[in-house]
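The values are calculated or read from the model by the stated rules, or taken from the named source; none is laboratory data. Just so it is clear, the model here is predicted, and its values are computed rather than measured. Cβ atoms come from the backbone with ideal geometry, glycine included; neighbour counts cover every protein chain shown.
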Amino acid sequence: MIKKLIIIAIAILGIFATASAFAYVLSPSGNVNTNSIMGSQGMGSMMGGNMMSGMMSQIPEDVIVKVTSRQIVPASKEAKITLLVLDKETKKPLSNAQVIIGIEKGASMTTMNMVGHMFQADDVGSGKYVVRFTPDSKGIYTMHTHVIPAGKSMYAMMKNHLDIGIIAK
């Protein structure tokens, strides 16, 4: 099951590479915010009038994903990023979801230099999921985050995708 999810996620990321770009803005709090630049300004418009934009949502449709830990991490040491996943309708923590992560070295879809294989974040309860990875060097990393709520099909990962910027110092 997880191998099938990984293959589907890799295919989706390949499609997404032709359809979007994200800008990273470092806030005074030390967190990195991602802002989609799709639409008339994004790559989607260059690809035949947003023909790919319907394939993967820019904003998760069923869930809200919040980063509750720092997004600036030390290079060459294990980073631990904590996500809070909420049901978009009820605003309540979403447990038992599959949170599938792919780490790209560089800004979203600019390098396609994936760090290792896709993997599942650890569900630690109360809608919190922990992502652990070790950035091999200083720089920007993108955490491609896909959420499949319990009871939903694998297609939900396309509707519930968010790129999160990480800076390794």
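So the values come out like this:
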{"read-out": "Residues of the range 127-169 satisfying the condition of being free of Cβ contacts under 8 Å to residues at least 60 places away in the same chain, on the phi < 0 side of the Ramachandran plot and touching a Leu at 6+ places or on another chain (Cβ under 7 Å)", "value": "Tyr129, Val131"}
{"read-out": "Within the range 45-82, tally of residues that are of a type outside the set (S, T, N, Q) and either within 14 Å of Ile148 (Cα to Cα) or at pLDDT below 95 (or both)", "value": "16"}
{"read-out": "Whichever residue in the range 150-162 is crowded, with 19+ Cβ neighbours inside 10 Å and in contact with a helix residue (DSSP H, G or I) (Cβ under 9 Å, 6 or more places away or on another chain) and, among such residues, is farthest from Ser69 (Cα to Cα)", "value": "Met158"}
{"read-out": "Subset of the range 133-169 [of a type in the set (S, T, N, Q) and closer than 26 Å to Asp62 by Cα]", "value": "Thr142, Thr145, Ser153, Asn160"}
{"read-out": "Residue selected from the range 124-142 under the condition in contact with a Gly (Cβ under 8 Å, 6 or more places away or on another chain) and not β-branched (Val, Ile, Thr), by the criterion surrounded by the most Cβ atoms within 10 Å (Cβ to Cβ)", "value": "Tyr141"}
{"read-out": "Every residue from the range 100-123 that is at positive phi and buried (at least 16 other Cβ atoms within 10 Å of the Cβ)", "value": "Met109"}
{"read-out": "Matching residues, the range 64-110, being in contact (Cβ under 8 Å) with a residue 12 or more places away in the chain and polar (S, T, N, Q)", "value": "Thr68, Ser69, Gln71, Ser76, Thr82, Ser95, Asn96, Gln98, Ser108, Thr110"}
{"read-out": "Residue, nearest to Leu94 (Cα to Cα), within the range 57-68, restricted to residues that are surrounded by 16 or more Cβ atoms within 10 Å (Cβ to Cβ) and not β-branched (Val, Ile, Thr)", "value": "Asp62"}
